[in-house]
1. Would you kindly find the accessible area of residue 80, with a 1.4 Å probe and non-protein molecules such as ligands, DNA and RNA excluded, rounding to the nearest 10 Å²?
2. So what is the calculated 222 nm ellipticity per residue for the chain, using -39500 (n - 2.57) for each DSSP H run with n of 4 or more, over all residues, to the nearest 500 deg cm²/dmol?
3. Compute the distance in nm between two label points, each set 7 Å from the Cα along the Cα-to-Cβ direction, one at residue 89 and one at residue 34.
4. If you take the C-alpha gyration tensor of the stretch 75-119, multiply each eigenvalue by 5 and take the square root, what semi-axes do you get, largest first, in whole Å?
5. Rounded to whole Å and ordered largest first, report the semi-axes of the equivalent ellipsoid of the stretch 113-264 derived from its Cα gyration tensor (root of 5λ).
6. Excluding ligands, DNA and RNA, what is the solvent-accessible area per residue of the stretch 141-264 at a probe of 1.4 Å, expressed in Å²?
7. Mind pulling the angle between the C-alpha long axis of helix 129-141 and the longest principal axis of the chain? Nearest 10 degrees, somewhere in 0 to 90.
8. Leaving out ligands, DNA and RNA, what percent of the accessible area of the chain is carbon and sulfur, probe 1.4 Å?
Amino acid sequence: MQNEDAGVSAHSAFCTPHSTFSFYPSLPPPIPLEMVTFDEHPCPYLPGRMARDRAFWADRFPAGLYEKFEDSAFRRSGHVVYQPVCKGCRQCVPIRVPVNRFQPSKSQRRSLRKNSDLQIEVGPPIATPEKFSLYQKYTADWHGAKPKETSEDFESFLYQSPVETLEFSYRDSAGQLLAVGICDFEPKSLSSVYFYFDPAHAARGLGTFSVVYELAYAKQRHLPHYYLGYFVAGCASMRYKSNFHPYELLGTDGVWRESSASSV
């Protein structure tokens, strides 16, 4: 293990709106803690590159602390909270949408109309055989992954959390489960964790619909920000995240800035 200390000297960089300072290997965590730095592995986003993460295990976060980790370029997978620290690469850029300023585009409004028949349930995440079956279908048919995860893996990945988490279940008029979204609910934000759906209903644009719906849910609860995880400009599967305007990107100096692309 190596000790990663946030340090007092970093404070001025966080408070300088136009700072060109860049933390290396990445932003420090908001509190001093020990993390494990893993070995390099093939990058899941950019072919031909190697990736590396540092991480720690979190049993439980007090309300509001995980937001500070997200504002330091961390994300979570189950109870594991991680951050990319890839050598010579800073392509994994955290992205968020200021909720009150979001305006759906024409295509996003069409998605709302197309899915107006859906029944949506919001509540605590509960893993069921029905959801696991949908998840397996999604990973196999949409991502071409060979089914190897067990129901225990599924629960550990999506249904165990150190923060307050919500599940959005989307069903058609006949009650068939079409999609599930997992979001972390914090005092000042809603953060998308994962979304899986039935590829047979891809024409509905369920991914777009879920983001617009979750943004509306956050607005109703007066949450300032909606986090979308990492944005990787060179990764086709990440491009949809820049379709929700305006959006902000987290700089390597720890400052959120509205992207110029979001005003186009």
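The values are calculated or read from the model by the stated rules, or taken from the named source; none is laboratory data. Only a predicted model underlies this, so the values are computations on that prediction, with no experimental measurement involved. Reconstructed Cβ throughout: ideal geometry from the backbone, glycine too, with neighbour counts over all protein chains shown. Accessible surface areas use protein heavy atoms only, side chains included; no ligands, DNA or RNA. Shrake-Rupley method; radii C 1.70, N 1.55, O 1.52, S 1.80 Å.
1. Near enough 50 Å² of accessible area.
2. On the way: 6 runs with 55 residues, N = 264.
-6000 deg cm²/dmol, from helical runs alone.
3. Between residue 89 and residue 34, the simple spin-label model gives 2.9 nm.
4. Numbers: eigenvalues 220, 52, 24 Å².
Ellipsoid semi-axes (Å, largest first): 33, 16, 11.
5. 26, 18, 17
6. Details: 5410 Å² over 124 residues.
I get 44 Å² per residue for this part.
7. That helix lies at roughly 70 degrees to the long axis.
8. Numbers: 7240 of 13510 Å².
Carbon with sulfur: 54 percent of the solvent-accessible area.
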